[in-house]
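Asker: This is the structure I want to talk about, given as structure tokens.
The values are calculated or read from the model by the stated rules, or taken from the named source; none is laboratory data. What you see is a predicted model; the values in this text were computed from it and never measured. Quick reminder, even Gly has a Cβ in these numbers, built from the backbone with ideal geometry, and neighbours come from all protein chains shown. Note: accessible area is taken over every heavy atom of the protein model, side chains too, but ligands, DNA and RNA are not part of it. Shrake-Rupley method; radii C 1.70, N 1.55, O 1.52, S 1.80 Å.
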Amino acid sequence: ADLEGRLLDRAERHGQLVELVLGAQVDVGHGEAVVELGVAQRLHQLRQLLEPTAVELAVQRATDEDLAEIQLAHDRLEAALANSDPVHWYRLNAAWHLRLCEAARAPILVGFIQRLWTGPFPSIAIRLRAVPSSGEHDAIMEAVNERDHVQAGKLMRAHLEHATSIVM
């Protein structure tokens, strides 16, 4: 199949997942899934439930190599604040969050989280989130490096709640 057809098929499948999980209508057209703000809020709430759990598991299961890669992703994210490119910052932010979750070694859980990060909801207020996120990310990294899984999960939960309060 051609690329456009594969992308449309992927968007349709993602829409079906959203409909199943949230009972929400999803309109798929031109290769993009479009959802109303209320659905985007529910998707973000689902991420708020899953991602802190993945972070807690990650801190418990991470190898030294995982921690080094997570730290590198964090350092790249922090360096991107200076270059003022919100799209680049957003991509690095997603990469840091997902690399942290991957250390949980829970593929089904991480797969759900990845789908929520790349889901059919808009990436709103990227510029607005960058600076407040920086200090929150630093605190999460401190807990990760101390291998305090409870604190890391708690801080991620607060970080995601703060993000929701700003962008939605």
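Asker: Please work out which residue is nearest to ASP66 (Cα to Cα), limiting yourself to segment 87-109 and to residues that are assigned to a helix (DSSP H, G or I) and open to solvent by less than 10 Å² (accessible area, probe 1.4 Å). Walk me through how you get there before you give the answer.
Answerer: Here is the first cut: in segment 87-109, the ones assigned to a helix (DSSP H, G or I) are 87-102, 107-109.
Right, trim to open to solvent by less than 10 Å² (accessible area, probe 1.4 Å) and you get 96-97, 100-101.
Values: TRP96: 12, HIS97: 13, LEU100: 8, CYS101: 10 Å.
Top of the filtered list is LEU100.
Residue-by-condition table, conditions (1) of a type in the set (Gly, Ala, Ser); (2) modelled with pLDDT of 95 or more; (3) open to solvent by 20 Å² or more (accessible area, probe 1.4 Å):
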| site | (1), (2), (3) |
| --- | --- |
| ARG115 | no, no, yes |
| ARG127 | no, no, yes |
| PRO132 | no, no, yes |
| ASP138 | no, no, yes |
| GLN151 | no, yes, yes |
| ALA158 | yes, no, yes |
| GLU161 | no, no, yes |
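Asker: Select from segment 52-86 the residues that are over 16 Å from ARG147 (Cβ atoms) and open to solvent by 20 Å² or more (accessible area, probe 1.4 Å) and list them in ascending order.
Answerer: THR53, LEU72, ASP75, ARG76, GLU78, ALA79, LEU81, ALA82, ASN83, SER84, ASP85, PRO86
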